[in-house]
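A.B. asks: One structure coming up, written as structure tokens, with questions to follow.
The values are calculated or read from the model by the stated rules, or taken from the named source; none is laboratory data. Since this is a predicted model, take the numbers as computed values, not measurements. No Cβ is skipped: glycine too gets one built from the backbone with ideal geometry, and neighbour counts run over all protein chains shown. The protein model used for the area step is the full one, side chains on, heavy atoms only, and it has no ligands, DNA or RNA in it. Shrake-Rupley method; radii C 1.70, N 1.55, O 1.52, S 1.80 Å.
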Amino acid sequence: MIKGKGQGAFVSGFSKKTKVEKLDWISQQFHNPVQALEVLQNYNHSDKELQTLHDEFIENALTNFYMPLGVAPNFNINGTVLTIPMAIEESSVVAAASNAAKFWSTKGGFTATILGTEKVGQVHFMYHGDSQKLHQFFEQHNAALLASTDEITHNMRRRGGGITALSLVDKSDAIADYYQLDVRFETQDAMGANFINSCLEQLATQLKALAAKHPDFSEEEKAIEVVMSILSNYVPNCMVEAAVSCPVNELLPTVEDSKLFAEKFVQAVRIAEVEPFRAVTHNKGIMNGIDAVVMASGNDFRAVAAGIHAHAAASGQYRSLSKAEIKDGIFRFSLSVPLAVGTVGGLIKLHPLVRWCHELMGTPNAQELMQIVAVAGLAQNFAAVKSLVTTGIQQGHMKMHLLNILNQHQATESEKKAAIAHFKDNTVSHHRVANLLAKLRNA
Ligand code: NAD
């Protein structure tokens, strides 16, 4: 492998350079600077205003990193038909979601229910002294602590949100002298990270100020050390459930196949509940749907993923996020996930394509978006498990991946046409595609 020329190159003040200077410096890190620059410029938007908007999202932006945006139509969610936007690079995901949507559209569709919307933040601090005295101090100053955030929470309270609970948590069993202010929030249509962090930093400042002049504290007790103030991306009380159900006999065209399919499906999900190696891949399939909609909706997919995986491991073992059962002749498949997403804030109202996606989804509020995201996760999981217990995953996956393989071999349009026809009834593999192309080219 030829190593990049840029390995080992230091630069100072890079962020202060103009975009042209940055492009010039970065191109020089490649063996062919002209070509390297061309690649970046090809992805730059010709609309200068739009490009400037993108450039200002992050530091040191050089160009845009494109991700395909697809749509999965025919989702019936709580009786409303929706086309869901999905931003994702993996070939088979949108096709799988669309198949699941169509499958369930004739069986009553998806139901989605909000189980809670509470967000969490913590001020982590060290207090060296009598724990009893700290608790008394907290009881005495609880209201003053909250009042110090009034200005920050004013608009959120007007919207029906704000701080809903503030408590002192003694964590000194885990780390000597470690305590927390545990704060609960309602952030309405915002994911809330910036709002929560601003409240927490204000609470931390007030905590220190009040402790410093608390007459019952010794000098050591007065010197509370705030380690950090930050929201938690683990939101077990900001949950949504998505579900599908229908009589077992109606799952597939014949009663016999339906019964067999339902039983195998339930077994597959049970395996993911008890076997972590399977659970991780099972949940990865769920995240295919969740991430793609979270991304298209302009939300923070890292935050969502971190919270969801914490939930999957909440019992002490990493488990399936979804559940399947057969009861009284009814097949039910459901998914519960914690989801802190917003329909305002971040770049949601700024990014034209994100705005487009929100409009496509009927301009949802945060709770409606939670429901759409969870449904996409369940649909994806249904499609994956259905393939796994019937045809196997590779048949559908490789069919969708065929175009990528053909493009890797620089196939012409007529070669692609011939290959698609050939693989309609044949299993796709890299090797078989290469062989077919060799045959076509020799002929
Ligand atoms: P934000 O601060 O950009 O916008 C939210 C604000 O919108 C609210 O505070 C409120 O003032 C306003 N608003 C207008 N209409 C509203 C309505 N109907 N409901 C609620 N608020 C309304 O965004 P945010 O949601 O506070 O934070 C999200 C951003 O923070 C994301 O971009 C995320 O990537 C980033 N972030 C995440 C983390 C993390 O997850 N750990 C940490 C820091 C930053």
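A.B. asks: Select, from L23, L40, L82, the only residue that is open to solvent by less than 100 Å² (accessible area, probe 1.4 Å), in contact (Cβ under 8 Å) with a residue 40 or more places away in the chain and not polar (S, T, N, Q).
C.D. replies: Going through L23, L40, L82 in turn, just one is open to solvent by less than 100 Å² (accessible area, probe 1.4 Å), in contact (Cβ under 8 Å) with a residue 40 or more places away in the chain and not polar (S, T, N, Q): L82.
A.B. asks: Does Y66 qualify as being of a type in the set (F, W, Y), more than 30 Å from F331 (Cα to Cα), at pLDDT below 95 and within 31 Å of the chain's Cα centre (by Cα)?
C.D. replies: Against the criterion (of a type in the set (F, W, Y), more than 30 Å from F331 (Cα to Cα), at pLDDT below 95 and within 31 Å of the chain's Cα centre (by Cα)), Y66 qualifies.
A.B. asks: I've got another one for you. Only one of (1) within 16 Å of the ligand (Cβ to nearest atom); (2) touching a Lys or Arg at 6+ places or on another chain (Cβ under 9 Å) fails for A313. Which number is that?
C.D. replies: Here A313 meets the rest and fails (1).
A.B. asks: In the range 298-319, which residues are among the small types (G, A, S) and out of contact with any helix residue (DSSP H, G or I) (no Cβ under 6 Å at 6 or more places or on another chain)?
C.D. replies: Those that are among the small types (G, A, S) and out of contact with any helix residue (DSSP H, G or I) (no Cβ under 6 Å at 6 or more places or on another chain): A303, A305, A306, G307, A310, A313, A314, S315, G316.
A.B. asks: I'd like the full set of residues that are assigned to a strand (DSSP E or B) and among the acidic types (D, E), limited to the range 238-253.
C.D. replies: Hit for the range 238-253 is E241, nothing else.
A.B. asks: Something else about it: Across the range 322-381, which residue is surrounded by the fewest Cβ atoms within 10 Å (Cβ to Cβ) among those that are among the basic types (K, R) and more than 14 Å from the ligand (Cβ to nearest atom)?
C.D. replies: The selected residue is K327.
A.B. asks: I'm trying to understand the selection: among the residues of the range 107-156, which are surrounded by 13 or more Cβ atoms within 10 Å (Cβ to Cβ) and of a type in the set (D, E, K, R)?
C.D. replies: K107, E118, K119, D130, K133, listed by residue number.
A.B. asks: Which condition number in (1) open to solvent by 50 Å² or more (accessible area, probe 1.4 Å); (2) within 16 Å of the ligand (Cβ to nearest atom); (3) part of a helix (DSSP H, G or I) is the one that D257 fails?
C.D. replies: Of (1) open to solvent by 50 Å² or more (accessible area, probe 1.4 Å); (2) within 16 Å of the ligand (Cβ to nearest atom); (3) part of a helix (DSSP H, G or I), only one is false for D257: (2).
A.B. asks: From the list F138, F110, which one is of a type in the set (A, V, I, L, M, F, W, C) and in contact with a helix residue (DSSP H, G or I) (Cβ under 7 Å, 6 or more places away or on another chain)?
C.D. replies: F110
A.B. asks: Pairs under 8 Å by beta carbon, first residue polar (S, T, N, Q) in the range 44-72, partner part of a helix (DSSP H, G or I), six or more apart or different chains?
C.D. replies: Partner pairs satisfying both residue conditions: N44/Q51; N60/F14; N60/S15; N60/K22; T63/L40; T63/Q41; N64/Q51; N64/H54.
A.B. asks: Let me ask you something else. Only one residue in E90, E59, E49 is under 23 Å from the mean Cα position of the chain (by Cα) and farther than 21 Å from V294 by Cβ, so which one is that?
C.D. replies: The conditions single out E59.
A.B. asks: I need a count of the residues in the range 404-440 that are open to solvent by 80 Å² or more (accessible area, probe 1.4 Å) and touching a residue at least 12 places away in the same chain (Cβ under 8 Å).
C.D. replies: Residues that pass the stated criteria total 3.
A.B. asks: Further question: I need a count of the residues in the range 399-428 that are of a type in the set (S, T, Y) and over 22 Å from V94 (Cβ atoms).
C.D. replies: Qualifying residue count, the range 399-428: 2.
A.B. asks: Can you tell me which residue is least open to solvent (accessible area, probe 1.4 Å) among those in the range 182-201 that are within 10 Å of the ligand (Cβ to nearest atom) and of a type in the set (A, V, I, L, M)?
C.D. replies: Looking at the filtered set, the residue picked out is I196.
A.B. asks: Turning to a different aspect of this structure: Quick test for you: out of N288, N283, pick the one residue that is closer than 19 Å to W104 by Cβ and assigned to a helix (DSSP H, G or I).
C.D. replies: N288
A.B. asks: Test of understanding: among A165, A143, which residue is under 26 Å from V344 (Cβ atoms), of a type in the set (G, A, S), more than 16 Å from the ligand (Cβ to nearest atom) and not assigned by TED's automatic domain parsing to the domain that holds A242?
C.D. replies: It is A165.
A.B. asks: Additional query: If Y234 satisfies all but one of (1) open to solvent by less than 40 Å² (accessible area, probe 1.4 Å); (2) within 12 Å of the ligand (Cβ to nearest atom); (3) not acidic (D, E), what's the number of the condition it fails?
C.D. replies: Condition not satisfied by Y234: (1).
A.B. asks: Still on this model: Give me a count of the residues in the range 334-386 that are without any contact (Cβ under 8 Å) to a residue 40 or more places away in the chain, in a helix (DSSP H, G or I) and more than 21 Å from V81 (Cβ to Cβ).
C.D. replies: Number of matching residues: 1.
A.B. asks: Just the residues that are part of a strand (DSSP E or B), open to solvent by 80 Å² or more (accessible area, probe 1.4 Å) and away from the ligand (no atom under 16 Å from the Cβ), please, taken from the range 210-231.
C.D. replies: Across the range 210-231, the qualifying residues are E225, V227.
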